[in-house]
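Report on the structure given below.
Derivation of every value follows stated rules applied to the coordinates shown; laboratory data play no part. Remember, it's a predicted structure, so these values are computed and weren't measured experimentally. Here the Cβ is made from the backbone with ideal geometry for all residues, glycine too, and neighbour counts use every protein chain on show.
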């Protein structure tokens, strides 16, 4: 970060009114509501910080006097006081400048997959909008051909030492330099592409291997695929929260797939073979004579692949016998003849059977 006077473009002996006018002029040009450019937004932050320092007489005096200025006052930061006595010999302990390279933030994105995709797993190309390392400056934040310079306020230490007069004598405290924000260096010529941040926002493609058997709510962890860090720092991680979308025909119960097969009354009586399309191809089912509504037929190993383990679940087919509601005279006569031959017992109230109501409530359990 440049000198506060340079940021506001005012001389070092400028009065308060001149500083205020300069800030207002720059704020009108750089405010995010007026100028959406990311570089302008970062410059607006620098301008605002410079004005906050130079518009306050005490802060401005401290800034003008430099890092070794002594200030009478209170006790200061107790952590700094203890550091003075116990952290090292000969006065305040120096923490040194902090690195501009920082780890990027983690990112969380929701990923929709279909029920058919989670049977065997799937590879997807995921496009995400995130921070990536600036290709112009390779993450340094400085315009190509230039480099950061040592801060002329803290002389590269990243800290400003102050002598505080207290009841126990003079105590040397240390605080991050306000001019370079503790980095020990400033970037006089920030990269024009990233405004000195070392990273820009861009759309990139991330390949994702979704394993078989994932379910809604499962999170996949992709190390190093998150936001790029400032100053060329390492990437954060990317987390994908899975949501399995609704399927109109098939449902899921853990590793099993569930569906309903509607058959005619005649097929239920005589039995039949049925071939239908499942999520992973055709299935042939042998319907035995006398099958009842709510019976469940199981097709082994045609369910969802197991997330933790080998093999697959089953496909469970619930039978629903469709009773015709409209019959022709010929059909009624044929059923009448069947009734005479079959001699079915008359309807009667039977003992309560919990299983019937359980099937009605949930055909598959």
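For residue 13 and residue 136, what does the FRET efficiency come to when R0 = 41 Å and r is the distance between their Cβ atoms, rounded to the nearest 0.05?
0.65
Within a 10 angstrom radius of the beta carbon, how do 282, 133 rank from fewest other beta carbons to most?
Starting with the residue having the fewest Cβ neighbours, the order is 282, 133.
Which part of segment 241-264 falls in the paramagnetic zone of residue 116, meaning amide N under 17 Å from the point 7 Å along Cα-to-beta-carbon?
Those under the cut-off are 244-252, 257-259.
So if each residue of separation counts as 0.36 nm, and I subtract the Cα-Cα distance between residue 326 and residue 248, what length gain in nm does that give? Display every interim value, and only then the final one.
Details: separation 78, 0.36 × 78 = 28.08 nm, distance 2.78 nm.
The span from residue 326 to residue 248 would gain 25.3 nm if fully extended.
For a quick size check, give me the Cα extents of segment 172-224 along its three principal axes, largest first, whole Å.
Sorted from largest, the Cα extents of segment 172-224 read 60, 35, 14 Å.
Run the quick spin-label model on residue 20 and residue 220: label points 7 Å from Cα toward the beta carbon, then report their separation in nm to one decimal.
5.8 nm
Determine, for 315, 335, 115, the number of other Cβ atoms within 10 Å of each Cβ, and report the residues in order from fewest to most.
Working: 315 23, 335 14, 115 17.
Fewest-to-most ranking of 315, 335, 115: 335, 115, 315.
If neighbour count is taken as other Cβ atoms inside 10 Å, put 157, 264 in order from fewest to most.
If I rank by nearby Cβ atoms, fewest first, I get 264, 157.
What's the extension gain from residue 31 to residue 150 if we count 0.36 nm per residue and subtract their Cα-Cα distance?
My answer for the length gained is 39.9 nm.
For residue 203 and residue 241, FRET efficiency with R0 = 22 Å and r from the beta-carbon atoms, rounded to 0.05?
Numbers: r = 20 Å, r/R0 = 0.92.
Taking R0 as 22 Å, the efficiency between residue 241 and residue 203 is 0.65.
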